[in-house]
1. T83 - would you say it is assigned by TED's automatic domain parsing to the domain that holds G18 and either within 29 Å of I5 (Cβ to Cβ) or in contact (Cβ under 8 Å) with a residue 12 or more places away in the chain (or both)?
2. Please determine, by comparing only the residues of region 48-91 that are of a type in the set (S, T, N, Q) and surrounded by 13 or more Cβ atoms within 10 Å (Cβ to Cβ), which one is nearest to the chain's Cα centre (by Cα).
3. With respect to V114, is the statement that it is in a loop (DSSP other than H, G, I, E, B) and either of a type in the set (V, I, T) or assigned by TED's automatic domain parsing to the domain that holds V26 (or both) true?
4. Among the residues of region 3-27, how many are in a loop (DSSP other than H, G, I, E, B) and loosely packed, with under 14 Cβ neighbours inside 10 Å?
5. I need a count of the residues in region 28-38 that are of a type outside the set (S, T, Y) and surrounded by 10 or more Cβ atoms within 10 Å (Cβ to Cβ).
6. Among the residues in region 81-97, are any assigned to a strand (DSSP E or B) and at negative phi?
Amino acid sequence: MRIWISGVKTYMDPVKPGDLMKGMGVGEVIFTKDPKFKIGDKVLGLTYWQKYSIIKAKELTLLPSSYKDYSDFLGVLGISGLTAYFGYKKIGNLKKGEIVVVSAAAGAVGELAVQLAKAEGCTVIGIASSK
């Protein structure tokens, strides 16, 4: 989010003054025309920082109705967890016994990358912004 408000174009356009702040959110369907969803379904998507959103069905993920704490989908089961997982497994292709350095180890993605590497049996060196 810090990058989005800096004006730098990344995988998403920057947030300009006056724009709604972007952010992943868990929501509840209160109205739908799409048969994929029903009223009361819990969904995950780019909801922006607002109380209500109108979002295309193809941009939402239906969450399991039996789940207890939907906030997990904003962390370990959401974009931070997926970024850490794919960075670790698919890009880093780390194996047991390897040494891993995680920058921003105290951040949302870094803390999960550290845990994944430790669980795999790697030696982890975490870098954070303080002593």
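1. For T83, the condition - assigned by TED's automatic domain parsing to the domain that holds G18 and either within 29 Å of I5 (Cβ to Cβ) or in contact (Cβ under 8 Å) with a residue 12 or more places away in the chain (or both) - is not met.
2. Out of the qualifying residues, it is S80.
3. Values: in a loop (DSSP other than H, G, I, E, B): no; either of a type in the set (V, I, T) or assigned by TED's automatic domain parsing to the domain that holds V26 (or both): yes.
Against the criterion (in a loop (DSSP other than H, G, I, E, B) and either of a type in the set (V, I, T) or assigned by TED's automatic domain parsing to the domain that holds V26 (or both)), V114 does not qualify.
4. 13
5. Number satisfying all stated conditions: 6.
6. Within region 81-97, none of the residues are assigned to a strand (DSSP E or B) and at negative phi.
The values are calculated or read from the model by the stated rules, or taken from the named source; none is laboratory data. Please read these numbers as outputs of a predicted model, since none were measured by experiment. We place every Cβ from the backbone using ideal geometry, glycine too, and count neighbours over all the protein chains shown.
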